Amino acid sequence: MEDAFAGDGGASMVTVDGTSMHVTYSPVDLQSNRWAVLLIQPTEDAFSEAYANQRQAVIVAALVIAVMGITEYILFRAMHRNMQLADKLEAVNEDLKVANRDLDQKAGELQKVDAAKEEFAAMITHELKTPLVPIIGFTELMADGTLGELTPLQKEKVRVMHDSAVSLSNLITDLLDVRKLELSKMKFDLVEVPAREFLERSIDAFRPLADSKKISLSYDVQDGHDGELGVKCDPKRIQQVMNNLISNAIKFVPEKTGMIQVSARKAPSDGAVEFAVRDNGIGIPKEKQNEIFKKFYQVDTTLRRQSGGTGLGLAISKGIVEAHGGRMWFESTPGAGTTFYFSIPSGPTMGNGRGEKN
Ligand code: ATP
Ligand code: MG
């Protein structure tokens with residue numbers, strides 16, 4: 001108790017009747033007497049606020065720990081789920097890889113089958129042509145009597161055999177050409193040649209047939225002032241185009257009054273060489289005009305027996321012209337006639353340079 005009068009004051013704990021009391025004291029000098037003010041209260045009351053704060057702090061800490069725990073749990077669950085998801089994705093990925101490998105393998109097998117089919121088709125068509133060579137050759141010799149005299153009936157039948165073999169050989173050649181064009185495997189040897197040469201060669205080839213049907217067949221080449229009209233192309237292939245157009249015209253003009261005019265000129269617009277085969281034949285019906293360049297298309301299939309052919313000529317011709325960078329088109333008036341045109345650019349870029357030799 002003496003402490004309460006000394007110093008600047010303070011606080012201490014005492015036990016009164018077994019209860020812990022908290023004493024806060026401070027000396028007071030009053031009228032030359034020293035007094036002391038003491039505040040005695042049970043320790044519990046004195047620290048009740050501190051205890052309350054402490055409890056609050058404990059509760060808050062517990063809450064924080066609980067929230068952290070829950071958050072961690074949620075995060076853990078989420079991570080776990082993500083890991084499971086990742087595992088599933090990995091498994092799906094693996095399945096996809098396997099499926100992809102299977103697809104690649106199947107695609108490879110299909111390509112091999114395609115290549116084998118192509119090879120087979122090429123081989124068959126070639127092999128079909130080979131036996132026709134002696135058939136055509138010997139029937140020719142038999143029909144003209146070189147291998148001994150035949151009766152008129154025998155000659156006639158041998159001639160039929162010969163012509164059938166030639167038709168079959170032509171068909172196989174056409175099928176090979178279609179295949180080459182479709183696969184861009186037709187090879188073209190470009191040379192600069194006079195347009196007149198083509199026309200004359202084709203006209204000469206068809207003159208006997210035209211004469212036998214009394215069909216007029218004429219040609220006209222518009223050479224320039226600076227020289228002959230020349231065209232850079234594969235002469236054999238362009239000749240093939242010209243021959244098909246003239247052969248078509250002969251098939252579809254009337255005998256005796258039929259007229260076919262073949263011409264070549266430099267197109268004023270772009271300097272390309274433009275060929276035309278004009279006839280006064282049956283013409284092509286309007287509704288069939290879109291079909292005419294399709295493979296195997298013939299307007300009137302009943303005519304096939306009379307005029308022959310398989311409907312490949314125009315498809316091949318158009319393919320050859322387009323491979324030269326040119327184009328083919330026609331104008332036709334049913335009952336009055338048809339003109340087929342094709343143009344070869346002055347400096348053609350070939351559609352393909354690679355491929356088999358024709
Ligand atoms: P191939 O040429 O294979 O021997 P094709 O002559 O019948 O047979 P394309 O030359 O392709 O075949 O002609 C297809 C069809 O177009 C002919 O069958 C015919 O119906 C029609 N056609 C072609 N040219 C003429 C033409 N000048 N006048 C009337 N129709 C034509
Ligand atoms: Mg034809």
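The table below gives the values:
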item	result
Search result, residues across segment 226-251 that are touching a His at 6+ places or on another chain (Cβ under 8 Å) and not charged (D, E, K, R)	C233, I238
Counted residues, segment 232-260 - those being within 12 Å of ligand 2 (Cβ to nearest atom) and not small (G, A, S)	11
Residue within segment 198-206 that is open to solvent by 80 Å² or more (accessible area, probe 1.4 Å) and in the same structural domain as S317 (by TED's automatic domain parsing) present	yes
Residue within segment 112-128 that is of a type outside the set (K, R) and within 17 Å of M161 (Cβ to Cβ) present	yes
Residues of segment 223-239 satisfying the condition of being in contact with a helix residue (DSSP H, G or I) (Cβ under 9 Å, 6 or more places away or on another chain) and open to solvent by 40 Å² or more (accessible area, probe 1.4 Å)	D223, E228
Residue identified as in contact with a Gly (Cβ under 7 Å, 6 or more places away or on another chain) and either open to solvent by less than 50 Å² (accessible area, probe 1.4 Å) or in contact (Cβ under 8 Å) with a residue 40 or more places away in the chain (or both) among F275, F296, F252	F252
Which listed residue is surrounded by fewer than 16 Cβ atoms within 10 Å (Cβ to Cβ) and assigned by TED's automatic domain parsing to the domain that holds E118, from S216, S164, S169	S164
Single residue of segment 264-281 satisfying the filter (at pLDDT 95 or above and assigned to a loop (DSSP other than H, G, I, E, B)) that is farthest from ligand 2 (Cβ to nearest atom)	N280
Every residue from segment 316-354 that is at pLDDT 95 or above and of a type in the set (D, E, K, R)	K318, E322, R327, E331
Only one of L141, L132, L181 that is closer than 30 Å to L229 by Cα and at pLDDT 90 or above	L181
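The values are calculated or read from the model by the stated rules, or taken from the named source; none is laboratory data. These numbers come from a predicted model, not from an experiment. A quick note on method: Cβ atoms are made from the backbone with ideal geometry, for glycine too, and the neighbour counts reach across all protein chains shown. With ligands, DNA and RNA removed, areas are computed over all heavy atoms of the protein, side chains included. Shrake-Rupley method; radii C 1.70, N 1.55, O 1.52, S 1.80 Å.
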